[in-house]
Amino acid sequence: MTTTEVRSPAQTVEAFFDAYRRHEVDEMTDLCTSNADFSYVPVEIWGRQRVVRGDGKVATIGKTLWTGMITSFPDLWNSVASVHSSVDGSVVVAEVTLGGTQASAWANISARGGSFAEPHLFVFRFSSPDDRSGSLIDGITAYWNNASISRQLGHLEID
C-alpha cells in the first residue's frame, strides 16, 4: 500500500497484526494516533512498591508491554481468526490467538521454557472516518484469560 492510499479501519487492524507478527513495534505504534488510548484489561503486575496495570497510552504503556512480550517470547506469533468492522468503521473487533515460547522472565513469571497459545479479543476504536486520522487507531482494548496463560507457562500463584 502506498503512502497516498488510505486504509479502511479493518485494513489498518490487519496491518497492525502483520507488524506485530514481524515484531515491528514502531510500525504498530505508527498505525495509531499520537494520543491513542491503551487498555490490556487482564494486565496487573504486582511489585514490591507498586502495581502496574495495562492502562494508559499506546506510545507509553502499549509500546513497553509489546516490547517486553517480544523480548520474553522471541518467537511470539499471532493468528488472526476474524476481523469485524462496524458499519461506520469507528470500531473494529479482532479475534486473534497469540502464542510463543518463553525465553526470559515476563512480569512475575520466571522462564521455564514453556509456551502458550491463547485466544484474545481486541477492540480497536477509530476517530471519525471523515477526518484525516480516520484510518489511524485511536484506542486499543484487549481481553484474554490470563490464568490460562500462567497455567500454560507453569506459573501457579497462590494468595
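Values quoted throughout were computed directly from the atomic coordinates according to the rules given, and no laboratory measurement underlies them. Bear in mind that the values here come from a model prediction, so they are computed numbers and not experimental data. Here the Cβ positions follow ideal geometry from the backbone for every residue, glycine too, while neighbour counts run over all protein chains shown.
Assorted remarks:
- Local electrostatic count at Q152 - Lys and Arg +1, Asp and Glu -1, tallied over other residues with Cβ under 12 Å: +1
- Net charge over other residues, Cβ less than 12 angstrom from the Cβ of C32 (K, R count +1; D, E count -1): -2
- Ordering T67, N146, Y40 by the projection of their Cα atoms onto the charge dipole of region 9-152, which places +1 on the Cβ of Lys and Arg and -1 on the Cβ of Asp and Glu, puts N146 at the extreme positive end.
- Cβ crowding within 10 Å, taken as a proxy for footprinting-reagent exposure, orders M28, M69 from fewest neighbours to most as M69, M28.
- Taking the Cα centre of region 9-152 as reference, the dipole from Cβ charges on Lys and Arg (+1) and Asp and Glu (-1) amounts to some 720 debye.
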